[in-house]
Each structure stands twice: as structure tokens, then as C-alpha cells.
Amino acid sequence: MRIPAAILTLLAGMALVLTGLWVGQNINLLPEDASLNAPVYDELFKVLFSIGTILLIGIAGLIVYSLVRFRRVSGDSGDGVAIEGNLPLEILWTAIPAVVVLFVGIYSYDIYDRMGGMAPLNDHSMHAMHSEPADGRTWAGISPVAQVGEGESAPLPIDVTAMQFAFIFHYPEAGITAGELHVPLGQPVALTMKANDVIHAFWVPQFRLKQDVIPGQPTLLSFTATRPGRYPIVCAELCGPYHGGMRSTVVVEEPQTFADWVAQNSPAASPEAPTAVQS
């Protein structure tokens, strides 16, 4: 009994889709995730990886099948059969890519929005994070995980300056300037970034974050680290002859370890003025 071609095509399509879904869910090509943003981005990557796998196997498989099934028979020197068109097939191979592209576009927009990508680059509300605490204490004098609400940590403001060919990190409320970015585990961090010369890019692969740093236009980036460790900061925008060497490190530390680092690197308190001696 010969199986109809339509049923074979349906079975092959189902096998192709299941294979693509398995590959997308079980093969991970990304580095370890170390921020709250990472799982959100990874969801999108798995979907795109599944779609890409389905397209690759499907197109390559169809080409190989056609090369074998419709190859020229030995001794046949005639022309092939003239095919003028197949309207249902043309509608099918136009509709499926259109639906896939529309789905990917909507889903990508949703992920981008959830990661804060639609927020204005110069949102003034972010700059409020640089203000002094309400009780007048300086940042160096309070816990780096000071609570702003039940279950919420106060964002840590850090100024980032990009230049050929280095990143400089300044903690405005602690008076610390460093060549490495130190952040506490589990606390939101708000970066205000500027470039002194050309366009740079701040990229931490493990955080799944990349933001251009543009001269004359401060850009903002926020994240919350979820895994202690040292992770590379890479300039992902061609910025000159030594662009490949423009790297730094973000050090994610336990809150107490971070507090110790702040205490060790904060400028010494200025001595109080001597009091007058009573006669």
C-alpha cells in the first residue's frame, strides 16, 4: 500500500517542527546567565534558535532530496517539464514566512519592552537615583542594600565613562573611581554612561545586556546581578585601532563583601576642624 504524498509531507513537517523545538530547548549556545534580564532574553533566543533550526533542516533537506529525486537520468539530454505555477503552493510558502516574521517581530518587541528597551535614553526619573538619602546620610554611610520598600533594594547609581580605550567607573555617592565595576549581588544597579570621544558600547554577555555609549548623549542601563563572579565587559562598537583591547570586568560580590570593598576604597573622611581652646 502506497502512502499518499500529502500524508508523507505532513509527517515530515511534524518531525521537522518537533526536531527544531527539541534543539531549541535542549542545546544551549549561550554563556551562563548572571542577571535578571538573562532568562527573559534566553526565552527569545530559544524561540529564534528553534525557528532557525527548522528552516535550516527543512531547506537543506529539501535541496538534498531534490538533487537525488529529480537528478538527470543517464542518457537524458532533453529539457525538463515546463511548470507554469502552482497557486496553492505559492500562497503556502508566502503565508508561512509572513506569519513567522510577524510572530517574531511582536515577540521580540515584547521582550525588548520587558527589558526596558523602550524607556527614553534620557529619562529624568533615572537621574533621581543620584540624589542624597532623605535623612541626609551619604551613600558610604548606609548599607549598600538599603531598603526602599518591602522586598525592594535601593538602586546603586554608578557613572560610566567610556574613552579610547577604557571604561572608568565612578560611584558618585561614595567618591570612588575604579577601573573595574563592582556591584552587589541581588541589588539593582543603574548606570549612567557617557563617551568622551567616539561611540562605544557597553556589553556584558553573561548579563545579556548591550548599550551604546554616545558622545554628547548620556545613556542609561540598569540590571540586577544574580550570580557572584567576574564577568567581562566588552566594547562592542568599533571605536579605533585598539578597540579589541577595550575590556574591563564586572565583579559581582556578596553584599557584605561589596560593603567591605566600599569601605576599603572610599576616600578617608576629612578631619574635623580643631575646636577653640577655652581659656
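Peptides 51-60, 2-11, 226-235 ranked from most to least packed, by the mean per-residue count of other Cβ atoms within 10 Å: 226-235, 51-60, 2-11. A simple spin-label model places the labels of residue 1 and residue 16 2.6 nm from each other, with each point 7 Å out along Cα-to-Cβ.
A Förster radius of 22 Å, combined with the Cβ-Cβ distance separating residue 48 from residue 198, puts the computed FRET efficiency at roughly 0.10. The modelled label-to-label distance for the pair residue 8/residue 30, using points 7 Å beyond Cα in the direction of Cβ, is 4.0 nm. Extension gain for residue 71 to residue 178 (0.36 nm times residue separation, less C-alpha to C-alpha distance): 31.9 nm.
The loop-placed chymotrypsin sites (Phe, Trp or Tyr not before Pro) in the stretch 6-70, going by DSSP, that have at most 13 neighbouring Cβ atoms within 10 Å of their Cβ come out as 70.
Every read-out reported here was derived from the displayed coordinates using simple, explicitly stated rules and does not represent laboratory data. Just so we're clear, the structure is a prediction, and the values are computed from it rather than from any experiment. Here the Cβ is made from the backbone with ideal geometry for all residues, glycine too, and neighbour counts use every protein chain on show.
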